Amino acid sequence: MPIIQTENLTKIYGTGETAVVALDHINMAVEKGEFLAVMGPSGCGKSTLLHLVGGLDRPTEGRVLLDGRDLTALEDDNLAALRRRRIGFVFQFYNLIPVLTALENAALPLLLDGVRPAEAHRHAAEWLQRLGMGDRLHHRPDQLSGGQQQRVAIARALVAEPDLILADEPTGNLDSRAGDEIAALLRRISSEWGRTILLVTHDPRIAAHADRILFMKDGRIIDETRLAGTGEEQAQALRERMETL
Amino acid sequence: MRVQLMMALRYLRGRKLRTALTTMAVVFGVAVLFGMNALLPTMLQAFRQTVMAATGKVDLMFTSVTDGPFPADRVEIIQGMEGIAEVTGSLRRNILLPPDMASQAGLNAVTLVGVDPEVAARMRHYPLKEGRFLAADDGDAVVVSKGLAEKLGLAPGSTLTLPSAKGTTDFEVVGILNVPSIPGVEEVYVPLPAAQRLLEMPGQINVIEATVKPGVDRDEVEKAALAALGDLFKAEPPEVGEELIASLEMGEIAFALFGVMALAIGAFIILNTFRTVVVERRHDLGMLRAVGASRRAVVGLILAESLLQGVLGTAAGLAAGYGLAWVLLLSVKSVMQQYLRMEAIAPIITLPNLMTAVVLGLGATLAGGLWPALAAGRVTPVEALRPVVPGAYERAARRRGTVGAVLVVLAALALLTGNFNLAALGTLLFLVGLVLVAPVLVSPLSRLFGRLLALIFAREGRLAEGNLARQPNRAAITASALMVGLAMILALAGIVTSTFDGFMSYIDHSLRADFLLMPASLVLGGGNVGAGPELVEEIRAVPGVAGATTLRLATAAVDGLTVQVVGVDPETYPQLSGLVFRYGDSEEAFAALGRERAMIVNGVFAAQRRVKVGDVLTLQTPEGKREYRVVGVGSDYLNAKLVTAYISQANLERDFHQTADLLVMVEAADDADMAAVQARLEEIVRKYPSFVLTEWRSFREEQERVFGQSVSLFNVIGVMFALPSLLAMVNTLTINVMERTREIGVLRAVGSTRRQVRRMVIAESLLLGALGTAFGILAGLWLGYVLVAGMNVSGFVIPYYFPYTGVLVAVAVGLLIGVGAAVLPARRAARLDVVAALRYE
């Protein structure tokens, strides 16, 4: 059974003449442990898809199934609990709490879940170590570089040991070197720690790290490709594919 | 809750200045509430202790229910009663000392005690230092305390001159008592007949004291004695100085109200701050929701923050309040020592006061944080991760605007009903309504003011106007913070102006005679010694005097309400002076006063007992119950604030045994030589040291000056209200600049100079100031009108006067705050590093 499945997933913003169809009857599935990238030009609906899958927003029509369970039927509090325990988010702008340290930011989902601070901090420290942030535990976000902040955000996404990581343009705000590092880290999270990753990006070099890529345009999935070959070759192929969209 | 507290603490620490500024609002309110409540009971307690110390050891004490005098033969009723050992009647009265003697003695009044020398000496122990105690056959003899004798240089055989109904009376000092000086109360003992002569109260006493036989149940005897005396008497633990206690208690209530009002403003500032905080942190909040924080957790975070500020502010407020009480206490200490002889007092912290301050301080902050917290809980993760959809916002604003408009209309209707309670409720509706309507009005109003602003800031003005119109909600929040502060200032100005003009018109209408012979204390009953009929007769005989009229005074009770009864001459009083009538006709009313047992009641009386013209009320007089018909509702200047009834002097003499004149008004003839009249009057008054001759014009000027002094106190209060508004404006403007960092970066990138950016922020602030001022003036005028109406309902009638000066001040303060609030944010905006600003998120 796929970990994620969508059925006729549709999202329409506004009503009447000003209505905008962001997602148009999307049917897709993500297998457990898979690293899936969604690509497409700006405004194609890829971020909306991510938000619906993560239970951040509610669809106008259709369903999202997480391990066969319908997210759209859940109450707000249950959705929040689900996001705390089963899903980890990584955003383009990191969205760290500016007044908390790296360690506290990373521990946040556990703290919100009522885990004792000592234990939450121990767990968060472990993940920060693994992601190469062991010497920056007590720095505040404004004392970290963009790439470091994104690592803290990834540690936060992983700290509750969720099965599913949703990443929305995680390298969009980084220079190419830091972007590559983050992409490689995501690859490792999938291969080494077996997490399912759904990544939204328009950068072929980043998407080239994924197992499979969905191409979107105007709220619909128009193509799909499974990747093989070296990273650079894949990236070139993707670049060409994107140009045709 | 732990994680919310931790984050709240971090957020507060991360924004130290803002935390300090908002917390100050709470500190201010709590300090006033707590400090004043710690101070005033201290003064009350000290005063009560002082008074208690003065009453010696007698078992029973009876006075008339009116606190007035009664015939001395009432003593005989108790004399033979079972269980009574000794009984005596005495006449006790505070008398004000003439100024020169007062300064020499270091106190401005003494208590004259007229006693029956033989019985008194048996009932109380009077330890003598020198000389002897009073004897039955003494004439004008006096016994004073050691302390007073030292101050005035008295010894047995010397003379003590006291003010009396005949002018002055000389007493021969026969003895010096070896008693410790009782703080605040200096008693001088004279034989009862001498006291009656001095006070022009022949055959009258006002206290019956008795001791009971050993082994007898005191309470039983008291009950039996009371039954025998009849319902004109009451038994009481003796206490004097009730007027002062009453005014201190009034002060307590007034300051408590002021503190609560200040706290309400504090709550509003907290509300405003947290509303901006929620807007500012939309991304953070959305992220928290995204990583799994429930709505409740987010609400809890904002509430935890306001709670922490409440705890901080309340704690600091308690400390500041205690300090405030000390400072005030030290500043009034000399006055208290001089007039009340009270020393060594410290602020009292009572548990109820502490609890009230804590509960209200925390309550106000939590209440202020609640709405924003709930709003924060409604932030959805996605909403926070992308820009607001304008359509949805406008709909919400329009809906709120409609609700606000309905509230304003309801408030107007409530005001029109003329019912004070409804009008007061209406004021609340009005303020809430205005806050809700404000965002809808921001666009049109900022266009209007923007046009004016464009004259000074040609390009930046357009940008600033656009910025406000784009974020009408934010602009409205900021403007409403200013609105509340200005509304308070203006409402105060409204009351002050109306009271001031009202008082002056009272003087002009009810105390208008060329010359006034006033008692030393302006409150008629404040321990003044009156004058006998000789004084006014002598004055009437002065060449050039067209007429003179007098006021006399007694107290009565109506159904347990103590009423001050002022005796006027129905013939001469309306000619020379008169009352400001609210109901009834002046001519008819005074005619009725002369004809029958009729009275004119003042507004406070009418309001407290819902008295109408034509009602017949039963007054408890020293002679028993007497029915008086109400023939008018009106008041004079001196008695506007006290429950007062005006009756004829003939009735006052018949029912209250009062014949002493306490105030004389003198009208000179049109062709009189004013200087000569004044010179002659001065000569006469010299024989009556308890009176001061005042020319009407200088009296009016003096009153105007005294009033002006209290107005300056209101100015201080006004500043206190304005300061938090300034803080709130600085707060929101700073947040505005922070939020638009990227935008400012873009402006700079496309070629705006630092100066232009600075001017843009200032222009925006000025626009906000103009908006807030417009709202504030509207709300302030409304509030002031309702408050004046409220005073009128309570019977203290003053007409509403439009506070022109207040409006001008409000405009000036509003614009000043507008510019002042922009200084820091404008500098911050102008100094932004362009590249960093463009990257800012």
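Values for this structure:
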read-out: Cα centroid separation - the stretch B:632-678 against the stretch A:76-147, whole Å; value: 83
read-out: Compactness relative to 2.2 N^0.38 Å, alpha carbon Rg of the stretch B:575-640; value: 1.08
read-out: For A:M1, solvent-accessible area (1.4 Å; no DNA, RNA or ligand), Å²; value: 150
read-out: Column: log10 I(q)/I(0), Debye, Cα scatterers of the stretch A:172-227, q = 0.19, 0.20, 0.21, 0.31 Å⁻¹; value: -0.72, -0.79, -0.85, -1.29
read-out: Carbon/sulfur fraction of accessible area - the stretch B:632-707, other protein chains in place, 1.4 Å, %; value: 48
read-out: Given charges at beta-carbon only (K, R positive; D, E negative), |dipole| of the stretch B:147-225 in Debye; value: 160
read-out: Cα-based Rg of the stretch B:587-676 normalised by 2.2 N^0.38 Å, two decimals; value: 1.27
read-out: Rounded accessible area of A:H139 (nearest 10 Å², 1.4 Å probe); value: 60
read-out: Interface burial for A against B (accessible surface, 1.4 Å probe, total of both chains, Å², rounded to 100); value: 2300
read-out: With every protein chain in place, the stretch B:64-177: carbon and sulfur % of accessible area (1.4 Å); value: 46
read-out: Rough spin-label spacing in nm, given labels placed 7 Å along Cα→Cβ, for B:E596 and A:R239; value: 11.3
read-out: Pairwise label distance in nanometres, B:D73 with A:E126, each label 7 Å out on the Cα-Cβ vector; value: 10.6
read-out: Convex hull of chain A built on C-alpha atoms - directionally averaged projected area, nm²; value: 13.5
read-out: Mean residue ellipticity (222 nm) of chain A, computed from DSSP H runs ≥ 4 via -39,500 (n - 2.57), nearest 500; value: -11000 deg cm²/dmol
read-out: Rg/Rh ratio calculated on Cα atoms of the stretch A:92-162 (Kirkwood radius); value: 0.92
read-out: Which of A:L186, A:N105, A:T10, positive extreme of dipole for chain A (C-beta unit charges); value: A:N105
read-out: FRET efficiency, 1/(1 + (r/R0)^6) with R0 45 Å, evaluated for B:T159 and B:W326 via beta carbons; value: 0.50
read-out: Surface/4 estimate of mean projected area, convex hull on alpha-carbon atoms of the stretch A:1-63, nm²; value: 4.6
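The values are calculated or read from the model by the stated rules, or taken from the named source; none is laboratory data. In this text the structure is predicted, and so the values were computed from the model without any measurement. A quick note on method: Cβ atoms are made from the backbone with ideal geometry, for glycine too, and the neighbour counts reach across all protein chains shown. To get the accessible areas, we keep the full protein, side chains included, count just its heavy atoms, and leave off ligands, DNA and RNA. Shrake-Rupley method; radii C 1.70, N 1.55, O 1.52, S 1.80 Å.
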